[in-house]
Every structure is written in structure tokens, then in C-alpha cells.
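Peer 1: Handing you this structure, nothing more for now.
Where a number appears in this text, it was derived from the coordinates with a stated rule and is not lab data. Note that the coordinates shown come from a computational prediction; the quantities given were computed from them, not determined experimentally.
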């Protein structure tokens with residue numbers, strides 16, 4: 001099972017390039033560019049322009065970026081796990097065809113070899 005941990009998110013946050021800017025009178029915008037080039041854009045706003053705080057805006061935006069990272073990484077992990085499950089299922093089908101039709105054994109073994117490269121060792 002693929003899981004995301006706090007340390008993984010911390011590592012992504014530390015590798016991200018953050019662009020911070022005030023937009024208008026009471027809004028703060030942050031763009032986090034991740035190591036792979038993907039960008040996350042978030043904002044925070046004060047109700048009163050006189051109470052706008054750069055430090056507070058930055059803190060809120062960093063928290064929002066972190067939350068989005070968790071969501072994106074969870075989606076990615078789920079997609080990866082689904083792909084691995086499907087590959088494992090395909091391997092199981094090929095193995096059963098191999099047992100019932102030995103004449104296809106060589107080509108099935110070659111296919112299994114290529115598929116096994118994508119599967120973690122414990123799933124092979």
C-alpha cells in the first residue's frame with residue numbers, strides 16, 4: 001500500500017519554491033512551484049486593509065499549500081495503487097493462461113518479465 005507521510009509532505013514543502021505577493025489592499029497570494037514544475041496557487045485575505053499582515057498572510061497561505069499537497073499526494077498514491085493492483089491482476093490472468101495453455105508460455109513469461117519491473121518486489 002502506498003501512503004503519504006508528514007515527512008514526505010515536509011520534504012515537498014522544503015523543496016518547493018515559494019513566490020509571495022500582496023495583491024490589492026487586503027489579499028495575499030502565494031505560488032508554490034514543486035520540484036516537478038507543478039504550481040499550487042493559494043490566497044488569503046484580511047477583512048480590513050488596515051489589519052493586513054504580511055506574516056499572517058504568508059502563514060495562512062503556507063498552511064493552505066500544505067493541505068493541497070496532502071490532497072494531491074493522496075490522489076496520486078491512490079492512482080498508483082490502483083495501477084499496481086491492475087498490473088497484479090493482469091499478472092494473475094497471464095499466469096492462469098500460461099497454466100492452461102503451455103504453448104504460450106514463452107511469450108507470457110516475456111510479458112510477465114516486463115510487467116514485473118513496475119511492481120514492487122512484495123507484489124511480484
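Peer 1: For n ≥ 4 DSSP H runs only, could you compute -39500 (n - 2.57) per run for the chain, divide by its residues and tell me the 222 nm figure to the nearest 500?
Peer 2: -19500 deg cm²/dmol
Peer 1: Follow-up question, since we're still on this one. Counting pairs of alpha carbon atoms under 8 Å apart in space and at least six apart in sequence, what relative contact order in percent does the chain give?
Peer 2: Value for the chain: 20 percent.
Peer 1: With everything on Cα atoms, drop me the angle between helix 6-15 and the longest principal axis of the chain, reported from 0 to 90° to the nearest 10.
Peer 2: Helix 6-15 and the main axis of the chain meet at about 60 degrees.
Peer 1: Same structure again: Compute the long axis of helix 105-116 from its Cα atoms, compare it with the longest principal axis of the Cα atoms of the chain, and write down the angle in degrees, 0 to 90, nearest 10.
Peer 2: 20 degrees
Peer 1: Let me ask something else about it. What percent of all Cα-Cα pairs in region 6-119 falls in each 10 Å bin, counting up from 0?
Peer 2: 13, 28, 18, 14, 13, 9, 5, 1
Peer 1: Kindly express, to the nearest 10 degrees and within the range 0 to 90, the angle between helix 54-100's C-alpha long axis and the longest C-alpha principal axis of the chain.
Peer 2: 10 degrees
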